[in-house]
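Student: The structure follows.
Values in this text are rule-based calculations from the coordinates and carry no lab data. Note that the coordinates shown come from a computational prediction; the quantities given were computed from them, not determined experimentally. Cβ sites come from the backbone with ideal geometry, for glycine too, and all protein chains shown count toward neighbours.
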Amino acid sequence: MCFYSRYVLFDTPGQVEVFTWSASGTIITEALAQKFPTVILFVIDTVRSQNPTTFMSNMLYACSIVYKYKIPMIVALNKSDVIDPTFAIEWMQDSEVFEAAINKDPTYMACLNQSLTSALDIFYQDLPVVSISSKTGNGFDKLIEAIHTAAKDYEENYRPEVERINRQAQEGNLNKKINNLALNEDSIPELDESLANSNMDDDLITFGPKKSTDL
């Protein structure tokens, strides 16, 4: 965990898919998102993403995380001190440029990537992306600015949805309690009727000789 000014950064443990689809990952993320403006920072190793297939795999991970948690995400293209990430930004912003890169790959995966390119176009439109270097600190000013913008986006668009879901859950629990109470109340008259029709003397257990009440 790292503190940067008024922001708190959580470095999630393990591989991204393990944290994302684990019960603990869901609990941690949803608990934070219910209390604070929460933003997902998806860091990509730009050096290893020069291959279009690897790049597409990273984008599919990012897409799945966004649709699972439904909170703002920022893509950070790391290691800009080693390689210029302009090519990756162009791939995200221009599907034709990415398709041209895919066409250089003769494998079967290239065909799959081509079919996925058009599907991710909509996903890229509202996805903030910044170029950074964790070694030199280059681009961190733009990253903080993107986080601030995403936090405002959370407050304006995402928090109302979170509150709506919470209200629905509370109303569902309340309705369940009311239904259980009504069910219990419906069983009370049946119990009263059964008691009224029963012979209390027959139901009593007495000890010793029975006393006569006849005069």
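Student: Please identify the trypsin sites (Lys or Arg not before Pro) of the range 55-110 that satisfy two criteria: DSSP loop assignment and at most 15 other Cβ atoms within 10 Å. Which are they?
Tutor: When the trypsin sites (Lys or Arg not before Pro) of the range 55-110 are filtered for loop state and at most 15 Cβ neighbours within 10 Å, LYS70, LYS104 remain.
Student: Any chance you could list P(r) for the range 43-84, counting all Cα-Cα pairs in 10 angstrom bins from zero, rounded to whole %?
Tutor: The percentages, shortest bin first, are 28, 49, 21, 2.
Student: How high is the FRET efficiency from ASN173 to ILE122, r the C-beta distance, R0 35 Å, rounded to 0.05?
Tutor: The value I calculate is 0.45.
Student: Expected output is a single nm value to one decimal: the length gained when fully extending between THR86 and GLN34, i.e. 0.36 nm times separation in residues minus the C-alpha distance. What is it?
Tutor: Using 0.36 nm per residue and subtracting the Cα-Cα distance, I get 15.2 nm.
Student: I would also like to ask the following. Using the structure shown, select from LYS70/LYS152; LYS35/LYS70; LYS35/LYS152; LYS35/LYS176; LYS79/LYS135 the pairs with a Cα to Cα distance greater than 18 angstrom.
Tutor: Result: LYS35/LYS176 exceed 18 Å.
Student: If I stretch the segment between ASN166 and LYS68 completely, what's the gain in nm (0.36 nm per residue apart, minus their alpha carbon distance), one decimal?
Tutor: Length gained, ASN166 through LYS68: 33.6 nm.
Student: Show me 54-60, 109-115 ranked by packing, highest mean number of other Cβ atoms within 10 Å first.
Tutor: Top of the packing list down: 54-60, 109-115.
Student: Hey, quick one: spin label on THR26, modelled 7 Å out along Cα-Cβ, who in the range 126-167 has an amide N within reach, i.e. under 19 Å?
Tutor: Those under the cut-off are 162-167.
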